[in-house]
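Student: Below: one structure in structure tokens.
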Ligand code: ADP
Ligand code: MG
């Protein structure tokens, strides 16, 4: 027997490295007419590097002590920024003490107790008002500033750089062509780093500083205006938006388990261009079905 068009399309999507979870999803992919992209781990490679370690005056910490506390607290986190911090500590040969009472808040950061001290690591704007100024200086150059708070006092900043994926610009262009509208960028990161990266990728519409529920609200607003939104994301913070979208696609290689479970399709190979390719496959299959 010949395979029904949607099933062959699923097989073809698989060849592009996209796991489409059902024939219904394969069909819906071709209906999308708007796209919302996450930044960290989606538009960027998601393997950021911590390039700056800056203890704040009065913290009493040197660079090694600051990085040790931050990395120990971040070790249980699966966030790309956490990996950057832990890798930087390993590269410097630092011994990481065990952390207890780890908690993480999507879009905000982590906290843990390290050697009797309570350490919070995350978005400066969410953790301490008086760290926003020094953080902005790091962010002007497109870096993400990560604040380290020790026992309630801002103790230092880390500067993290993440590269745009090599196929990000081509993907934005292809999605614009397919849907007739330019993708929007939804990110929890700061507006300065986000604008820097969006400009490189060819995106004008940037919404930054978003919590998971803000990403969800943005998608609901677009859907409410009659759009069928394709959301592409990788993080725990993207899960509500992925679930609410007409079609949600997760980045598989470094994506969080929650994003992979919530999404309708998963990019198994690490290629963003597989997204427009799969939308095009769906369009072709639907022409054969109807
Ligand atoms: P994006 O939407 O770009 O993927 P996230 O919502 O995952 O970004 O994160 C938003 C912001 O929250 C980050 O830019 C960072 O400031 C902060 N953040 C979240 N998790 C962590 C973490 N584990 N370590 C440091 N910062 C974090
Ligand atoms: Mg992300």
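Here, each number is a calculation from the coordinates, and none is a lab measurement. If you're wondering where the values come from, they're calculated on a predicted model, not measured in any experiment. Please note: Cβ atoms are built from the backbone with ideal geometry, for glycine as well, and neighbour counts cover all protein chains shown.
Student: What does a probe at residue 261 reach in the range 195-236, counting residues whose amide N is under 17 Å from the point 7 Å along Cα→Cβ?
Tutor: Only 234-236 fall inside the zone, counting backbone N under 17 Å.
Student: With n ≥ 4 as the cut-off for DSSP H runs, can you work out [θ] at 222 nm for the chain, using -39500 (n - 2.57) per run divided by the number of residues, rounded to the nearest 500?
Tutor: Working: 12 runs with 118 residues, N = 290.
Dividing the helical sum by the residues of the chain leaves -12000 deg cm²/dmol.
Student: Let me ask you something else. Quick one: compute the contact order of the chain, relative version, from alpha carbon pairs under 8 angstrom and 6+ residues apart, as a percent.
Tutor: Across the chain, relative contact order equals 26 percent.
Student: Distance from the Cα centre of the range 174-236 to that of the range 58-104, in angstrom?
Tutor: 30 Å
Student: Another question about this same structure. Report relative contact order for the range 49-161 in percent, whole number only (criteria: Cα-Cα under 8 Å, sequence separation at least 6).
Tutor: 30 percent
Student: Further question on the same structure: Along its three principal axes, how long is the range 195-269 when you only count alpha carbons? Whole Å, largest extent first please.
Tutor: Dimensions of the range 195-269 along the principal axes of its Cα atoms: 29, 28, 20 Å.
Student: Rounding to the nearest 10 and keeping the result within 0 to 90°, find how far the Cα-based axis of helix 191-201 lies from the longest principal axis of the chain.
Tutor: 40 degrees
Student: Next up: Using only Cα atoms, find the angle between the long axis of helix 5-15 and the longest principal axis of the chain, and express it within 0 to 90 degrees, rounded to the nearest 10.
Tutor: Between the helix axis and the principal axis of the chain, the angle is about 40 degrees.
Student: Can I ask one more? Given the convex hull over the Cα atoms of the range 49-161, what projected area results after averaging over all orientations, in nm²?
Tutor: Value for the range 49-161: 6.1 nm².
Student: With axes computed from alpha carbons, what is the tilt in degrees of helix 168-179 against the longest principal axis of the chain, rounded to the nearest 10 within 0 to 90?
Tutor: On a 0 to 90 degree scale, this one is about 40.
Student: Nearest 0.05, what FRET efficiency do residue 199 and residue 130 give at R0 = 35 Å with Cβ-Cβ as r?
Tutor: After rounding to 0.05, the efficiency reads 0.75.
Student: Answer rounded, prolate or oblate for the range 159-290, using the Cα gyration tensor with square roots of eigenvalues a ≥ b ≥ c: rounded when a/c is under 1.5, else prolate when a/b is larger than b/c, else oblate.
Tutor: rounded
Student: As a test of understanding, state the convex hull volume per residue of the chain from its alpha carbons, in Å³.
Tutor: 125 Å³
Student: Where is the GNM fluctuation largest for the chain (alpha-carbon springs, 10 angstrom cutoff): 24, 114, 275?
Tutor: In this elastic network of the chain, the residue with the biggest mean-square fluctuation among 24, 114, 275 is 24.
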